[in-house]
Structures are given as C-alpha cells and as structure tokens.
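The values are calculated or read from the model by the stated rules, or taken from the named source; none is laboratory data. All values reported here derive from a predicted model rather than from experimental measurement. Don't worry about glycine lacking a Cβ; one is built from the backbone with ideal geometry, like all the others, and counts go over all protein chains shown. In case anyone asks, the SASA skips ligands and DNA or RNA and just uses the protein heavy atoms, side chains included. Shrake-Rupley method; radii C 1.70, N 1.55, O 1.52, S 1.80 Å.
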Amino acid sequence: MSNRLTLLFAVAGGTAVGNLYWAQPLLEFIARDLHSSPATAGWLVTATQIGYAVGILLVVPLGDVLDRRKLVPIMMVCAAAALTACALAPSLGALLVAIAAVGVTTVSGQILTPLAGDLADDTNRGRIVGTVVSGLLIGILVSRTISGFVADVAGWRTIFAAAAVVALVLAGVLHRSIPTLPPKERLRYPALIASVATAVARERAVRWTLLLGAIGFALFTMFWTSLTFLLSAPPYGYPVSVIGLFGLAGLAGALAAQRAGRLHDRGWSLPATGAAWVLTLVAFAVAGFGGHSVVAVLIAIVLLDVSVQGMLILNQARVFSVSASARSRLNTAFVTSNFIGGAIGSAGASVLWAIGGWSAVSTAGAALSVVALLIWLVGRRTALVVSDETVAAPRP
C-alpha cells in the first residue's frame, strides 16, 4: 500500500462519499426552484442516506468475493448515471428518487477502505485506514463548500452534472491503479449477505462498536442538517455560498482526526474513544449558544468534527481488527449502522427544528452524547475490547 495509492484511495473515496452531501447546503435553494418547502426538501438528505445504507448492505460485501479492480469502477459508472438523473430531475419527487439512487451506487469509498486494510501491513493498518477514512470525511465537508459556490454561480443542477464527469474520470484511473487480488471467500450471494449478520452476532465488540458509531453519526447529520436551517434563517440569513463555507471549519476537524488511526496502532483506541465522546458533549453545549453567536457555531463545528470523525476512524479500525477475511462484510455492517443512524439524525433534525428550533437540536445532541458516554463507560473494559484470540484467529 504505497503512499501514492493511499492518496488515490483517499481522494476517490472522498469524491464518492461527497456525492451524498451536494444537496445539504442547498435545501432552501432547491426548495424554491422546485416549488417546495424547506422541510420537505430536507428529506433529500434522508433519502440519500437511506439509499447509501441499502448500497452498503447489498453491494459492499461483494468486495470479499469479487475482483475489486472491476467492482469499484463499475459502481462509479453507475453513480455517474444517477448523478446525471439528479441534474435533469424535473420535480422534487423525481429528485428524491434519483438522489436515493446516488446513495445506493456511490459506495466506492466503502469498498476501497477495507481494500486499504487488506493491502496494509499490521503495524501501519490504523494509519493507512485513518488516511483513507479522513479522505472520505474531508470529501463530506468540502462537498458542502463546493456545492454552495457552484450553485450560486451556475445553479444547483450544475454540481450534479460536474460530479458525474468526475466519477467517470476516477473510474478509469482506479481501474488502472488497483491491483488484482484473488477473492477472499467463495460464497453465493444470499450466503454472503447472511454472513454479514453472522459476523455481527458472533462478536460482541462489533455490536457495541456499531451502536456507538450509529449514535455518533446520528448526531453528526442532525447537527449539519439543522445548521443549514439555522444559517439560512434570521438572524443570519446567509446565502448558500456562505453556508457552504462553514464546511471549511469542519475541515480543520477532519485533518486533526486523521491522527486517530495512529492512536489505534499504539493500543489507545478505547481511551481515545471516551475522550472523543466527552468532546462531543462539549461541542453541543457550545452549540447551544449558536442561535445568536456565529463564533459559537464555528467552535462547535470544529469540536464536533474532531470528536465524531476521530471516533469513526477508531471504531472502523477496531472492527477491521476482528477478522482479516471478512473486512468488507464487517465494513458493511459498520457503515450500514452508521448511515441508518445518519438517516434518523437528519429526519430528527427536521422534527426537532419544527418543535423548538436550534435550542431543541442542541439539547437533544447533548442528551444523546451523555447516553453514548455511559455506554462507553460500561463497555470499555469488557464488551468493547477486541480479544487477542479473535485477532489471531479471524473468523468470517
């Protein structure tokens, strides 16, 4: 796993996962153009994440049984077709269907991440996986900024058309760069999908890690979806280009969180996870002042992105250490649970905003952070520990 290939995986994965978030800072913009309400347009984020969870569940396990040199480019071409459908959507209903299809097909990053784990040696796996996952996280954040600028200049449809072109270019580059590896398992598709649940049911550390990951991603999407509503309404009233710039504050968090992979390699995964949950609680406490203070909003963004993204890398590296032969399937379970949590978080953002605005969102985020911190406290010495026997004798 050379530095060049690691960087390519990070860029390609970030570009793929960024497709999920083009619409997030544009909800008001899209709602006006397609004659809908902002609350209804908020379901675009939910539809994308539900589609992504379906794609992770049904497509990513194929990484354990197919040649990923072919699988990754095929999925990128399919994503390009779905992005083109978004650019041409004549109504919000059509856009909902097309953007859900984007979610199902833009799973290349989650095929590349376990592939990076397979190609890396044991002493550097956390660092390399952390770099690739950081690329995915940076893609999420940068996509919001790019989306706002492009939409202001050329309209929201242009961003989806441009993303389709980029996906096609990366499909060609990856087909030439990914090494050909023999399948790790030979299973029929129904048995392959069923084995995802088997792997989760067998390993208690995986189940507890999935629960914490889902809560963390629910908080992440709840915050960012609600932030769009906050910044587009009084007292701020920012245009979409300015709202997109707030993603750059989160970029600082993504760069800091990249170091989390090294903490896993040094055996500090569980203590660092607990520290990250404390930081998440602090982030939502600061966010509570964001209704009238843009400085508080910016501080909360940085703190939340450092904590949640650091946890994501630590959790994923911990799950990968459970089994070498089933990393794609374990990654399927990990990311599916995350994005189910993300879909719940984005849907909850619309409900909480209607009930009590930004204060309701901040209070709910703080309360969920306390719940997750208690789960970590209970499991840190037993349920969340990956035993040496499990690592030494991996099971699918």
Practice task
Could you check, for region 220-234, whether at least one of its residues is open to solvent by 20 Å² or more (accessible area, probe 1.4 Å) and assigned to a helix (DSSP H, G or I)?
Solution key: yes
Practice task
Check region 3-25 and report whether any residue there is touching a Leu at 6+ places or on another chain (Cβ under 6 Å), in a loop (DSSP other than H, G, I, E, B) and either of a type outside the set (A, V, I, L, M, F, W, C) or free of Cβ contacts under 8 Å to residues at least 60 places away in the same chain (or both).
Solution key: no
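If you check 46, 15, which single one turns out to be at pLDDT 85 or above and either over 23 Å from residue 342 (Cα atoms) or touching a helix residue (DSSP H, G or I) at 6+ places or on another chain (Cβ under 8 Å) (or both)?
Details: 46 fails: at pLDDT 85 or above.
Of 46, 15, the one residue that is at pLDDT 85 or above and either over 23 Å from residue 342 (Cα atoms) or touching a helix residue (DSSP H, G or I) at 6+ places or on another chain (Cβ under 8 Å) (or both) is 15.
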Exercise for the section: Tell me, please, whether a residue that is in a loop (DSSP other than H, G, I, E, B), open to solvent by 30 Å² or more (accessible area, probe 1.4 Å) and at pLDDT below 80 can be found in region 91-110. Expected result: no
Exercise for the section: Kindly check whether there is at least one residue in region 115-137 that is within 24 Å of residue 7 (Cβ to Cβ), touching a helix residue (DSSP H, G or I) at 6+ places or on another chain (Cβ under 8 Å), surrounded by fewer than 19 Cβ atoms within 10 Å (Cβ to Cβ) and at pLDDT 90 or above. Expected result: no
Practice task
Give the residue, chosen from 255, 304, that is within 20 Å of the chain's Cα centre (by Cα), under 30 Å from residue 152 (Cα atoms) and surrounded by 24 or more Cβ atoms within 10 Å (Cβ to Cβ).
Solution key: 304
